[in-house]
Amino acid sequence: MASSILKKQLKILTIPVFIEMALVMLLGAVDTVMLSRYSDNSVAAVGLDNQLMSLVFLVYQFFSMGAAILCAQYIGAGLQKRLVQVVGMALVVNLLLGLAVSALLYLYAEDLLLLMGLRPELMGDGVVYLRLTGALSFFQALSLTFSASLRSADKVVWPMVVTAIVNVLNILGNYALIFGHWGCPQLGVEGAAIATATSRIVAMVLLAAIHFRVHIRRFPLSYFRPMPWEELRKLLKIGIPAMSENISYSLSQVVITYFINQISNEALATRTYCYNMIMFVYLFCLSITQGGDILVGHLVGQWRHQAAYVLGNYFFRWAMIITLTGSVLLAIAGPGLLRLFTENEEIIKMGVWVLVVDVVLEVGRTSNIFAGSTLRATGDTFYPFVVGVIFQWSIAVGLSYVIGIPLGYGLVGMWIGFALDENIRGVILMRRWRSGKWRTKGFT
């Protein structure tokens with residue numbers, strides 16, 4: 001009976017999270033699709049910018065990720081005051097962190113892109129897009145915290161609704177400002193940046209209003225006098241390993257993108273096109289894991305570890321089945337889909353082989369997403385970090401470089417290196433999950 005109730009709750013949580021994450025991914029993909037009608041070079045420049053912005057957003061997830069895990073466990077244990085303390089501190093710290101990072105992105109946009117090896121002919125578009133989206137990125141830091149807090153309390157519909165509204169605004173803004181419709185100037189990449197940044201501001205305002213109305217209505221000062229340093233310590237204990245692992249991954253991807261940029265503009269554009277298609281393949285895995293981890297956190301807070309283990313295995317099986325099915329279908333449909341983006345035959349040929357190799361990659365990625373995220377939801381945060389750093393740099397960076405450039409297999413060879421990295425890490429992290437060592441890592 002309890003098992004069937006948990007599975008029903010999982011479905012209720014997963015569907016809105018799935019829609020929200022699809023719309024979040026669509027927000028980035030829309031810029032790519034619409035700019036592909038402008039030029040392949042603009043796609044390559046914005047693709048490199050978004051690689052850096054993904055790293056920045058992972059930094060912002062530092063405290064929001066920790067807050068989400070603690071909130072889920074505190075809700076399970078009925079600790080309302082500690083819930084309010086955690087969310088309040090996460091919001092303040094993320095705001096300060098966001099303002100500092102936003103200033104750095106605006107002031108040093110060109111230096112960062114030079115460091116990443118962006119080609120001179122792409123630099124103009126790259127700097128414009130990064131300065132506009134980066135300077136206002138602190139709004140995303142707050143949005144991530146509000147959204148994580150709402151999801152931890154099972155209020156997953158609200159972030160989904162906000163993301164849907166924001167996507168509509170972004171599409172309309174892109175249409176008007178990239179191509180100069182409805183009396184607006186034709187701004188190209190700058191127009192895409194303005195539309196995206198404005199959409200993120202609107203998202204933060206809506207999420208804040210909803211959060212104060214349906215979840216935590218106020219943050220009493222008495223809850224923060226004296227400062228709840230123990231809650232900050234717990235946030236750091238979760239957030240530092242989680243953030244460090246994700247930053248390590250993103251930095252490794254920045255280095256990999258630098259290598260890809262050395263191959264050719266076509267290779268960089270191919271990577272951007274393929275990535276924007278592939279991310280929709282593992283979307284279900286991300287969404288069911290996020291939904292499931294809310295319940296796992298609640299169960300760990302209640303000390304129901306066996307129920308958490310059974311539920312985790314259940315949603316992992318479904319994530320693997322659906323992700324692999326989607327990956328195979330994408331590989332089959334690859335040639336036709338790539339022709340929707342570009343007429344460049346070199347890009348299409350390269351992209352088709354990347355999508356074929358990605359079928360194998362998704363086996364490991366699904367295991368990584370599930371095991372890494374679910375271990376963190378139980379409080380086991382350090383082990384995934386150590387495994388991630390070791391293999392991301394030795395295999396995803398080192399081996400993919402050797403296969404792709406010195407051995408001459410190009411982008412496809414590098415994708416083979418990525419597949420090896422994901423699968424080796426997947427095996428190791430799944431063994432950790434099945435060992436049950438996470439059962440002693442909770443925070444309640």
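The values are calculated or read from the model by the stated rules, or taken from the named source; none is laboratory data. Model, not experiment: these values are computed from the prediction. With ideal geometry, Cβ positions are generated from the backbone for all residues, glycine too; neighbour counts draw on all protein chains shown. Side chains included, ligands, DNA and RNA excluded: accessible areas come from the protein's heavy atoms. Shrake-Rupley method; radii C 1.70, N 1.55, O 1.52, S 1.80 Å.
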Solvent exposure ordering (accessible area, 1.4 Å, most first) of Phe315, Phe57: Phe57, Phe315
Of the listed values (i) -0.86, -1.16; (ii) -0.95, -1.28; (iii) -0.70, -1.41, identify the label whose number matches log10 I(q)/I(0) by the Debye sum over Cα atoms at q = 0.10, 0.14 Å⁻¹ calculated from this model. (iii)
Can you divide the C-alpha Rg of the range 120-173 by 2.2 N^0.38 Å and report the result to two decimal places? 1.51
If the elastic network links every pair of Cα atoms under 10 Å, which of Leu83, Leu55, Leu407 fluctuates the most in the Gaussian network model of the chain? Leu407
Over the chain, with a Gaussian network built from C-alpha contacts below 10 Å, which listed residue (Trp415, Trp318, Trp158) shows the highest mean-square fluctuation? Trp318
From Cα pairs below 8 angstrom and at least 6 apart in sequence, can you work out the relative contact order of the range 336-444, rounded to a whole percent? 39 percent
Report, to the nearest 10°, how far helix 157-179 tilts away from the longest principal axis of the Cα atoms in the chain, using its own Cα long axis and a range of 0 to 90°. 20 degrees
For the chain, what is the relative contact order in percent, using Cα pairs closer than 8 Å and at least 6 residues apart in sequence? 22 percent
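Hey, what does the equivalent ellipsoid look like for the range 91-137, semi-axes from the Cα gyration tensor as sqrt of 5 times each eigenvalue, largest first, whole Å?
One finds semi-axes of 24, 9, 6 Å for the range 91-137.
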Given a 1.4 Å probe and every protein chain left where it sits, what share in percent of the accessible area of the range 125-244 is carbon and sulfur? 67 percent
To the nearest 20 debye, the chain has a Cα-centred charge dipole, built from +1 on Lys and Arg Cβ and -1 on Asp and Glu Cβ, of 2280 debye
Helix-only [θ]222 nm of the chain, DSSP H runs n ≥ 4, -39500 (n - 2.57) each, per residue, nearest 500: -29500 deg cm²/dmol
For the Cα atoms of the chain, what angle does the longest principal axis make with the long axis of helix 382-391, in degrees from 0 to 90, nearest 10? 20 degrees
Please compute the contact order of the range 283-344 in relative form: average sequence separation of alpha-carbon pairs under 8 Å and at least six residues apart, divided by the residue count, as a percent. 39 percent
Most mobile of Gly336, Gly388, Gly417 in a GNM of the chain (Cα contacts under 10 Å): Gly336
Longest principal axis of the chain (C-alpha) makes with the long axis of helix 410-435 (C-alpha) an angle, in degrees to the nearest 10, of 10 degrees
Viscosity 0.692 mPa s, temperature 37 °C: Stokes-Einstein D of the range 214-310 from its Kirkwood Cα radius, in µm² per second? 183 µm²/s
Kirkwood calc, the range 109-259, C-alpha pairs only, radius in angstrom 18.3 Å
What is the Cα coordinate range of the range 331-444 on the first, second and third principal axes, sorted by size from largest, in whole angstrom? 56, 31, 18
Could you give me the ³J(HN,Hα) list for the range 257-270, computed from phi with Karplus coefficients 6.51, -1.76, 1.60 and θ = phi - 60°, whole Hz, x at Gly and Pro? 5, 4, 5, 4, 4, 6, 6, 4, 4, 5, 5, 5, 5, 4
Picking from Asn313, Val93, Leu52, whose Cα lies most toward the positive end of the charge dipole for the chain (charges on Cβ: Lys, Arg +1; Asp, Glu -1)? Asn313
Might you tell me the accessible area per residue for the chain, computed with a 1.4 Å probe and given in Å²? 40 Å²
Accessible area of the range 382-444 with a 1.4 Å probe: how many percent of it is carbon plus sulfur? 68 percent
Fraction of alpha-carbon pairs over 19 Å apart in the range 305-381 - percent: 50 percent
